[in-house]
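Reading through the structure tokens given below for one structure.
The values are calculated or read from the model by the stated rules, or taken from the named source; none is laboratory data. Fair warning: this is a prediction, and the values are worked out from it, not measured in the lab. Glycine also receives a Cβ, built like all others from the backbone with ideal geometry; neighbour counts cover every protein chain displayed.
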Amino acid sequence: MSKFDPFDFNQAMPLINEDTEFFPLMSQEDEEEMNNEQTPEILAVLPLRNTVLFPGVVIPITVGRDKSIKLIKDAYKGDRVIGVVAQLDVSVEDPKFDELNKVGTVAVIVKMLQMPDGNTTVIIQGKNRFELVEQVQSEPYIKATVKKFEEVRPKVDKEFKAMVSSVKEMAMQIIQFSPNIPSEAAIAIKNIESVPFLINFISSNMNASVADKQGMLEVANLRDRAQMVLSHLSTELQLLELKNQIQNKVKVDLDKQQRDYFLNQQLKTIQEELGGNSPDMEIEDLRKKGSKKQWSKETANHFHKELDKLARMNPAAADYSVQINYLEVLLDLPWQQFTKDNFDLKRAQKILDKDHYGLDKVKKRIVEYLAVLKLKHNMKAPILCLVGPPGVGKTSLGKSVAKALGRKYVRMALGGVRDEAEIRGHRKTYIGAMPGRIIQSIKKAGSSNPVFVLDEIDKVGNDFRGDPSSALLEVLDPEQNNAFNDHFVELDYDLSNVMFIATANSLSSIQPALLDRMEIIEVNGYTIEEKIEIAKKHLLPKQKEQHGLKTKDVNLKSSVIEKIIEDYTRESGVRGLEKKIGSVVRGAATKLAMEEAYNVNFTAHDIEEILGAPIFDKDFYEGNEVAGVVTGLAWTQVGGDILFIEASLSPGKGRMTLTGNLGDVMKESATIAMAYMRAHAASFGIEYRVFDQWDIHIHVPAGATPKDGPSAGITMLTALTSAFTQRKVKEHLAMTGEITLRGKVLPVGGIKEKILAAKRANIKDIILSKANRKDILEIKESYIKDLSFHYVTDMTEVIKLALLDKKVKNALDIVYKEPIKQKQD
């Protein structure tokens, strides 16, 4: 028999018309009448494969086996009574008598229909149960003797009634939860009055296996059968409730996905109409770009993993743009992309000489660096750090090196950087995350081996956001930077092929650990001769080009340039000089634009008309007309400078006053100088009692400018000695050095800058510590040919060299004799 769903009323009802002689619902009277019917002793047995027939229940069955068709036709012509028994094994095509269950149901054929597909469908109604006794016929179909199945009527009590009521309610709930069961089934169950028929009807139509239904059919006690039905219904109801919950959840998720899909399709269409790229096109474009990149297997796997993550994201999500940005950064980085180096060192030397006049020591060191690189093909060498005052060409040296090597040039200004994330980048989890400036600069360069200038490395600060100097330790360490980790990129990037060049004005503010990773190259200031050549070869042509003038429109002779240098600038570099030359060129451009006549060969008078009166006067720095005034040499961040230290005496009680915005070191130098003076007064010819009757005032002019450092030690002592002995200091003399309480003269730094400042101020003689002789030897002889150097080790030598033997007129009587006599009187 083929399967026919007994609960499908839509399938069963068209087979039943008004001529069908049965009622689907059975009253108690009908049930009693059915139970009183006699069971025939011999019945033709119809095996059922997929269902079990219960007493009182009407079901349609499709007959397909030849034996079964023969049986139905014979019975339909006769009394239409047959026996219906379920097979033990549904897979057996032609079951024998022993392969049938022993309990079945007497059935009446209500109607037989011939279907269009050739099958025969019959509607049968169960009457009462029977038990198979013995087979009496096997052909053309099975016949067997049977006996009536004896049922046990239960005692109708409250418990039984409650059980029956629960069965009915549970069945109606199942119908409510099952969308494929029509609502008429619930009405039918509600109207059933007979308890046995109710149990049989529900047993026949419940979702249970043939074996379970057969088990219910064989139960004699109605109470036990109702208990079994209730148990099955409870399990079925729980499964249906869980199934409905899952389906509702899935439906909600599907609805959301369908809505999102619909909106995304709309967005995609709108973007295509507007000429933009849809998310799918963007992802495919990123995938194509990634396939062309020459990166390591690890990087490629990471990229494709992140790309797959992007493909799973909703384009409307906030993280979508962050992920897109991250993948674009990975694609834009020049992984394994290098420019070819040009190791023609003679050409490199010519480029350096052309771009920078002077700086021989610096250029020599750079050529040595390139020579080692040519031989090793390895950048594992100390990082070069160019230290010097502003305007001497430290940054432009990096450009020249890049030009000489044929590498890309990139510059990163570190001035004011306080956030560590500017070096290492932000993590992707933060809003507005981006790579650090190191990685951004590499991306901008488009090469993994550029010349990278870290400008103003001494201006790096730190605060609560971290210490950028510590982050730079990894960048500038040749042993570590081959695996630089940026927080945004999350992958190690190789910086070992980058040629880093750092610049700084001072080493004092650089972190010691960072300073240790760099090779320091001092870039000192320029002499007047060097500035003249720089102005003629670089500054003047540059200013002409910037102001739209031709070569013939302006001509500055060396003497005119020298006047601009001496009268209008006071610096170690040439930045201020470039500004003044720019002013001169603008003056010529104005005349030319207004079509006024002017002198192309500018004279000193023309310069004063454009730039005004001279700002600096060399004669101002020569005045040592009174005792107690000494010229010292100082180092500043803008180069060397000269300063005056003035000491004067006044009647008092031996107090010492210091003015001029001095730092702690200079105050200590003054204290040490005074202590040395007191201890060695006799050797200098000073009456010791003068220290208690005269106040000493030490002043360093330009009080608005802070001053500090050890370089003024011998200058302080010379000024005090000059004041107390009233012996003037020699003209055109300057000095620098530190002193000790024993009178020893110690060396100081910044010698070249100080020497250049002295030369600018028309100084002729310079007193230095003997230990500073090596610094003088490094300066070109032509720069210092007009200077005389005096190397000393003790303060007595300084006093002999610095002070004149002749005292100031009448000074001895004013300073010494009168106050002392008054005290004696």
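Checked across segment 297-319, the condition of being of a type in the set (S, T, Y) and either surrounded by fewer than 17 Cβ atoms within 10 Å (Cβ to Cβ) or not in a helix (DSSP H, G or I) (or both) holds for no residue. Here E474 meets the list (1) over 19 Å from D606 (Cα atoms); (2) buried (at least 18 other Cβ atoms within 10 Å of the Cβ); (3) in the same structural domain as T603 (by TED's automatic domain parsing) almost entirely, failing just condition (3).
Rundown of residues vs (1) in contact with a helix residue (DSSP H, G or I) (Cβ under 7 Å, 6 or more places away or on another chain); (2) polar (S, T, N, Q); (3) more than 16 Å from G632 (Cβ to Cβ), yes/no style:
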| position | (1), (2), (3) |
| --- | --- |
| L649 | yes, no, yes |
| T657 | no, yes, yes |
| D664 | no, no, yes |
| T671 | no, yes, yes |
| H680 | no, no, yes |
| H699 | no, no, no |
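Contact annotation: no residue pair with Cβ atoms under 7 Å, 6 or more positions apart or on different chains, pairs a residue in segment 58-73 that is more than 16 Å from Q137 (Cβ to Cβ) and outside the structural domain of Q137 (by TED's automatic domain parsing) with a partner that is surrounded by fewer than 17 Cβ atoms within 10 Å (Cβ to Cβ) and polar (S, T, N, Q).
A single member of V110, V106, V136 is in contact (Cβ under 8 Å) with a residue 12 or more places away in the chain, part of a strand (DSSP E or B) and either among the polar types (S, T, N, Q) or buried (at least 20 other Cβ atoms within 10 Å of the Cβ) (or both), and it is V106.
On inspection, V195 qualifies as buried (at least 17 other Cβ atoms within 10 Å of the Cβ), closer than 22 Å to Q227 by Cβ, modelled with pLDDT of 80 or more and β-branched (V, I, T).
Scanning segment 753-782 for residues that are touching a residue at least 24 places away in the same chain (Cβ under 8 Å), farther than 24 Å from K563 by Cβ and not hydrophobic (A, V, I, L, M, F, W, C) yields D765, S769, K770, N772, D775, E778.
Listed residues A513, A483; which is free of Cβ contacts under 8 Å to residues at least 60 places away in the same chain, outside the structural domain of S296 (by TED's automatic domain parsing), over 30 Å from Q323 (Cα atoms) and small (G, A, S)? Break it down stepwise before answering.
On the way: A483 fails: over 30 Å from Q323 (Cα atoms).
The conditions single out A513.
Could you check segment 196-241 and list, in sequence order, the residues that are of a type in the set (S, T, Y) and outside any helix (DSSP H, G or I)? Give the steps one after another, and end with the answer.
To start, the set of residues in segment 196-241 that are of a type in the set (S, T, Y) comprises 203-204, 209, 231, 234-235.
Correct list: S209 only.
Answer yes or no as to whether E193 is assigned to a helix (DSSP H, G or I), on the phi < 0 side of the Ramachandran plot and among the charged types (D, E, K, R). Spelling it out, it is not the case that E193 is assigned to a helix (DSSP H, G or I), on the phi < 0 side of the Ramachandran plot and among the charged types (D, E, K, R). Screening segment 260-296 for residues that are part of a helix (DSSP H, G or I) and aliphatic (A, V, I, L, M) and picking the one that is modelled with the highest pLDDT gives L286. When you check D492 against the structure, is it over 24 Å from I366 (Cβ atoms), modelled with pLDDT of 85 or more and surrounded by fewer than 22 Cβ atoms within 10 Å (Cβ to Cβ), yes or no? Yes.
Per-residue answers, yes or no, for (1) over 59 Å from the mean Cα position of the chain (by Cα); (2) among the aliphatic types (A, V, I, L, M); (3) assigned to a helix (DSSP H, G or I); (4) in the same structural domain as M666 (by TED's automatic domain parsing):
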site	(1), (2), (3), (4)
T705	no, no, no, yes
P710	no, no, no, yes
M716	no, yes, yes, yes
A723	yes, yes, yes, yes
K728	yes, no, no, yes
I767	no, yes, no, yes
H790	yes, no, no, yes
T796	yes, no, yes, yes
